[in-house]
Amino acid sequence: MKHEPGIFEQRDREAEAASIARARADVAAGRVHSHDVVKEWLMTWGKPGRLPFHEWLAARNGDS
């Protein structure tokens, strides 16, 4: 029996190209965060009061 690819195995090359273009634009515009900052946020997962990244970042930087 031939394996039929599932819904998550089918590539959408157009969507992938658009995603890569957005990522490159973000990097070029400086909309990136360091590994250490993301790691610090990930360490909050599973703990009470966990916030979405941008909310956590605002609170961490005193912007909230």
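The values are calculated or read from the model by the stated rules, or taken from the named source; none is laboratory data. Here the structure is a predicted model, which means the values were calculated and not measured. Note: ideal-geometry Cβ built from the backbone for every residue, glycine included; neighbour counts use all protein chains shown. Just so you know, the surface numbers come from the protein's heavy atoms only, side chains and all, with ligands and any DNA or RNA stripped out. Shrake-Rupley method; radii C 1.70, N 1.55, O 1.52, S 1.80 Å.
Do we find that ALA58 is on the phi < 0 side of the Ramachandran plot, out of contact with any Ser or Thr (no Cβ under 7 Å at 6 or more places or on another chain), open to solvent by less than 80 Å² (accessible area, probe 1.4 Å) and not in a loop (DSSP other than H, G, I, E, B) in this structure? Before you say what the answer is, go through the steps one by one.
Numbers: on the phi < 0 side of the Ramachandran plot: yes; out of contact with any Ser or Thr (no Cβ under 7 Å at 6 or more places or on another chain): no; open to solvent by less than 80 Å² (accessible area, probe 1.4 Å): yes; not in a loop (DSSP other than H, G, I, E, B): yes.
No: the conditions fail for ALA58.
I'd like the residue in the stretch 1-21 that is part of a loop (DSSP other than H, G, I, E, B) and either open to solvent by less than 100 Å² (accessible area, probe 1.4 Å) or small (Gly, Ala, Ser) (or both) and, out of all such residues, is modelled with the lowest pLDDT. Step through it out loud before you land on a result.
Taking the stretch 1-21 and keeping what is part of a loop (DSSP other than H, G, I, E, B), we get 1-6, 10-12.
In the following step, the residues that additionally are either open to solvent by less than 100 Å² (accessible area, probe 1.4 Å) or small (Gly, Ala, Ser) (or both) were identified as 5-6, 12.
Working: PRO5: 78, GLY6: 82, ASP12: 89.
Selected residue: PRO5.
Go through the stretch 22-55 and give me each residue that's open to solvent by 60 Å² or more (accessible area, probe 1.4 Å), assigned to a helix (DSSP H, G or I) and aliphatic (A, V, I, L, M).
VAL27, ALA28, LEU42, listed by residue number.
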